[in-house]
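Notes follow once the structure below has been shown.
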Amino acid sequence: MPRVPAYFDAFLAAIAQGAEIDHVHLGHWDEPEAVTPSRARAGFAEAQARLSERLVAMLDVGPTDRVLDVGSGFGGTLRALRRSHPTAALVGLNVDARQLAVSLRRDAAPMNATWIAADACRLPFAEAIFDRLLCVEAAFHFRSRLDFLTEARRVLRRGGVLVMSDILLTPPPDGLAALSDRLEADLGPWPAKWVSLAEIRRDAARAGFALTVHDATAHTGPSYHTIAPDERADRTGGAILRDLQRSGRLRYLYLRLAA
Ligand SMILES: C[S@@+](CC[C@H](N)C(=O)[O-])C[C@H]1O[C@@H](n2cnc3c(N)ncnc32)[C@H](O)[C@@H]1O
């Protein structure tokens, strides 16, 4: 199995101490320019739920659809999907059995979803069995985006849809090796960090998808007041992402891929 991102150890420790963590991804604000740092921090969990809602809305789920969430974290997006789509069949897949155990524990009876431990690049399913696929802020961890997209296309029926969010980084003029090392240490595995939209478009086309891109970079910007507050001097992976975002070298994309 691929390596689990090390930063999940801290989230799991917090959950063991009683923290309620639904989502491990950035938040979405409709009017990001009006959000002060303190309001961004106070509203972060709500904004995370909003980002999930945005992606689910792009997915256009039908009442009896079979939906797979790849890299499902602690299951927050599927729990929200269950509330809005009580009759859909939901499957959460994660490389980390500990996260799946948390998702399972939080499932109300009757069970919200089926939880499966597997690698996103080797989906343990037959061809064309899903109507919809989700992948919220996880694909940059996978061994290869192209391998994941090829697998996603294989398990989606014709006419099915994959909706995902992804982070694309443009290399800065200097210090690339040090930045890459720190990103890898704090936020890895991140095999292909410096990727252009043209490469994403090429991978999507090769896998057999028609791609629509929504740029959510500005809408997710206030998240950095929580994950990397300005007043902290240490150069964490989060601070590197914050600085790349502020210098126009990070794009946060909502992607809709039609099979
Ligand atoms: C940033 S978190 C996002 C979690 C969840 N989608 C959310 O929005 O809260 C990335 C997730 O991808 C999972 N992941 C990383 N590599 C994976 C792989 N190769 N196959 C399946 N899941 C993977 C991690 O364990 C983690 O749950």
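Things worth noting here:
- By average C-beta atoms within 10 angstrom, highest first, the peptides 173-180, 87-94, 62-69, 1-8: 87-94, 62-69, 1-8, 173-180
- Antiparallel bridge percentage (DSSP; both residues within the chain; nearest 5): 45
- Based on C-alpha pairs under 8 angstrom that are at least 6 apart in sequence, region 133-259 has a relative contact order of 39 percent.
- Length gained on full extension, A178 to R158: 2.9 nm, using 0.36 nm per residue less the C-alpha separation.
- Fully extended contour minus Cα-Cα distance, from R41 to A16, at 0.36 nm per residue: 6.7 nm
- Percent RCO, i.e. relative contact order, over region 8-258, from Cα pairs under 8 Å lying at least 6 residues apart: 21
Bear in mind these aren't lab numbers, they're just calculated from the coordinates by the rules spelled out. Only a predicted model underlies this, so the values are computations on that prediction, with no experimental measurement involved. Heads up, the Cβs are rebuilt from the backbone with ideal geometry, glycines too, and the neighbour counts pull from every protein chain shown.
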